[in-house]
Amino acid sequence: MVTAIVLVKTDVARIPETAEAISQIPEVTEVYSVTGEFDLVAMVRVRAHDELADIIPGTLNRVPGVMHTATHVAFRTYSRHDLEAAFALGYSGSA
């Protein structure tokens, strides 16, 4: 499982609609509204690094209201939860 943390700058007047549209992308597991330089943080989870190219510039960046993104790939997870098992539930492996 590859996790990308995508910082999203949006048209401020469209933050709620943009967040909702981003949350509908199947590979997006969470969207947070935040303060600071960026308006939203989206968690994107895929099986392989090359899938990020399809999801982020190919889908997420094209959502109306998205003005700019910055992507950070997580290399290690520090958690008390087995996130790999949680995100693998229902995954058939033949998407």
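Just so it is clear, none of the values below were taken in a lab; they were calculated from the coordinates. Treat the numbers as computed from the prediction; the structure is a model and nothing was measured. Because the Cβ atoms are built from the backbone with ideal geometry, glycine has one as well, and the counts that use them run over all protein chains shown.
In this label model, PHE38 and LYS9 are separated by 1.2 nm, measuring between points 7 Å along each Cα→Cβ vector.
Calculated FRET efficiency, GLN24 to ARG76, Cβ-Cβ distance, R0 = 25 Å: about 0.30 to the nearest 0.05.
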